[in-house]
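Notes for the one structure printed next.
Nothing in this text is a laboratory measurement; each read-out follows from the coordinates by a stated rule. Keep in mind that what you see is a predicted model, and the values were worked out from it rather than measured. Cβ coordinates were reconstructed from backbone atoms using ideal geometry, including for glycine residues, and neighbour counts include every protein chain displayed.
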Amino acid sequence: MLKNRTVLRSELRKYNVEALNYNNFTIRLSDPGLDSQNRSSCPRYSSTINDIYLSYMTFIYTNSITVTFLNCLSPVVNNPLYIHNPFCGNTSAFPSSSRVYSYVTVGTILVEELEEECTFDTMVVATASSSGKDSYNYSYTEVHDMMAYGIEVSWYRVMCDECYESDGDCVLGDGDDEIRCRHSSMQQSEIIQELSQHQVTNFMPINYTYGEIKKMTNNFKTKLGGENVFKGKLQSGPYVSIKMLTNCDDDHKEFISCVSKISSIRHPNVAKLVGFCIENTKRALVHEFSHRGSLEKHVFSHVNDIFKISIGIARGIEFLHGVRIFRLGIRPQNVLLDEEFNPKIMLYYGIAKMGIIAPEMFYKNVGEVSCKVDVYRFGMLVLEMLARVKYGNYILREIYFPFWIYSQLSEGKELEIMDATNEEKMMVKKMVFVALWCIQIRPRDRPFMSEVIGMLEGGFELLDLPPKPFMRKMDDEIMDKFF
């Protein structure tokens, strides 16, 4: 691998810079684990798309292609879609005694194309070859070259700081190398009128100016966890959690409709919306404050706390599904905890674009995108919380927790939880069973949230071990961030 390379750092990762194009504000980035001169080099990261969205970069989908890594317990024969992967197989999820065969596929692979005894490992976005080959005509060398070539992203949003400071909307002009700053506003009277049309309760959220938001947060001094969530203080005294929104379109009415719907929700496990900001391109939502902060920042000392939080989140999701709010983007950053560890789901405009991604969001033939996306995310969240518990001498950051814990249970092994009572061990086992049902790859195989609550509140003896979940490996840096 070459030394002294130019490196770009995002919020979660770092990338090698392969090329810059100042005419159209694009940059080509490659995975630092890949070396075009070394065919045995392997990608360090899975899909970069979510990470790119967390930075100022915008992913460019032109000529992009998906490379899926698969592991199989028996060799695949007479299937040209499966390309032998001689170097980059990740077998940590399998017993050391197992013989594992590793493959890659180019392009989207359907569930029905998944060979028997094969599981998904991870996914990488690459730049497609200009030759226009079919997905079954690649060699592993060609696949490696596509991954090592990198992907293109645009940095034009970085050029927009001055425009944003003037409360403008930064857009690309007609020419590739032209950026324009567009200003528009919605009058206060229009906001009140639009909000009144949507309001279904007597509670009217307060419309704050951007200047008031800056004053509440002391110029965004204290971050609460999650992306752009800050601690604020109202003039009347109470503290609040303020979510600054990015990448908002210019549809003021859609935003106001969303604000109205969120502010009308009253449930003990959903954070109350007390106000908002809509000033030119600035958007913010002001929620009630929870003293223990986000779930992301909290370290647990008791299994009972995890169980209480899991039940509360499940009840909140079930309620939101009942009022037709789906795709909640449930993850640790979006869950607040009060002093008694009661969880509160924080809703905000555009939340469905974030969070751990369910298989049907990538693989369309798995099933339709529905409320079952939230069931999947709930299951992953429960497993993430449980991954903080110490299991014997295992270091969980070195293995893929869902596969490891499934293999433990399917082989009849007890979970060796340090300093846990028998009751706590049974509680963990029940949460694991429920979570594994929630992360089944096909949405139709997952329970509804009402069933999840029944499973959590019922007896463990009524639960069956679900089929093995075929899931891709979590990014190591995301697990590190959660721990």
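Between Ser96 and Arg442, the modelled labels are 3.6 nm apart [label points 7 Å from Cα along Cα→Cβ]. Packing order of peptides 371-379, 16-24, 31-39, highest average first: 371-379, 31-39, 16-24 (average count of other Cβ atoms within 10 Å over each peptide's residues). Sorting the segments 84-91, 457-464, 283-290 by their mean number of nearby beta carbons within 10 angstrom, highest to lowest, gives 283-290, 84-91, 457-464.
For Leu465 and Ser40, a Förster radius of 35 Å and the Cβ-Cβ distance give a FRET efficiency of 0.40, rounded to the nearest 0.05. Modelled spin labels at His84 and Arg5, positioned 7 Å past Cα toward Cβ, are 2.7 nm from each other. With a Förster radius of 60 Å applied to the C-beta separation of Ser257 and Ser410, the computed FRET efficiency comes to 0.80.
Computed extension gain for Glu423 through Glu340, at 0.36 nm per residue and net of the alpha carbon distance, reaches 27.8 nm.
Do the alpha carbons of any pairs in Lys215/Lys243; Lys253/Lys344; Lys14/Lys344; Lys231/Lys372; Lys221/Lys297; Lys429/Lys468 sit beyond 25 Å of each other, and which pairs? Long pairs (Cα-Cα over 25 Å): Lys253/Lys344; Lys14/Lys344; Lys231/Lys372.
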